[in-house]
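For reference, the structure discussed in these notes is given below.
No value in this document is a laboratory result; all are computed from the given coordinates. Predicted, not measured: the structure shown is a model, and the values here were computed from it. Here Cβ is always computed from backbone atoms with ideal geometry, including for glycine, and neighbour counts include all displayed protein chains.
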């Protein structure tokens, strides 16, 4: 069973529940999802993260290349994702919605971090004028969550030596 299949199987048992934590593991890779609410079609999540020890010693150049490929694959969110910053010392690449979604009450955007050590994590933020940004729940369909898990898994594969 793939990581995506295991994740979606466990997600189906969360339908009708609120404030849940889902964890799916296949081999050295674990997906964690902090769920606010789940129904038949959509899920509101505060965090979706894939964690693995496989990226413990990866170089920043490999993370940068993998982040670019991840941005090219993840074209199905509300806004396109682009790499915005790399931290060579911390060995982290930050990706963000570009451009963010503009509403009358502020901006909304996705943020993805790809880190050595290793994780790929997605969050959604809201930034209202005159205040600091706040993490908000992202509403995603089950299908989109499955695609994200698959794409995060593929990002790790892209980094691993052949």
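Under the criterion of Cα pairs below 8 Å and six or more residues apart, the relative contact order for region 88-162 equals 19 percent. Once you reduce region 1-21 and region 25-71 to the center of their Cα atoms, the two points are 15 Å from each other.
Entry note, region 23-93: relative contact order of 22 percent, from Cα contacts under 8 Å with a spacing of 6+ residues.
For residue 53 and residue 68, the difference between the fully extended length at 0.36 nm per residue and the C-alpha to C-alpha distance is 3.3 nm.
Any chance you could list the semi-axes, whole Å, largest first, of the equivalent ellipsoid that the Cα gyration tensor gives for region 1-131, using √(5λ)?
24, 23, 12
Applying 0.36 nm per residue to the separation of residue 135 and residue 102 and subtracting their alpha-carbon distance, the gain on full extension is 10.3 nm. Relative contact order of the chain, taken over Cα pairs closer than 8 Å and 6 or more residues apart, is 23 percent. With each label modelled as a point 7 angstrom along the Cα→C-beta vector, the residue 87-residue 154 pair spans 2.8 nm.
Look at 153, 87 and count the other Cβ atoms within 10 Å of each Cβ; fewest to most, that gives 87, 153.
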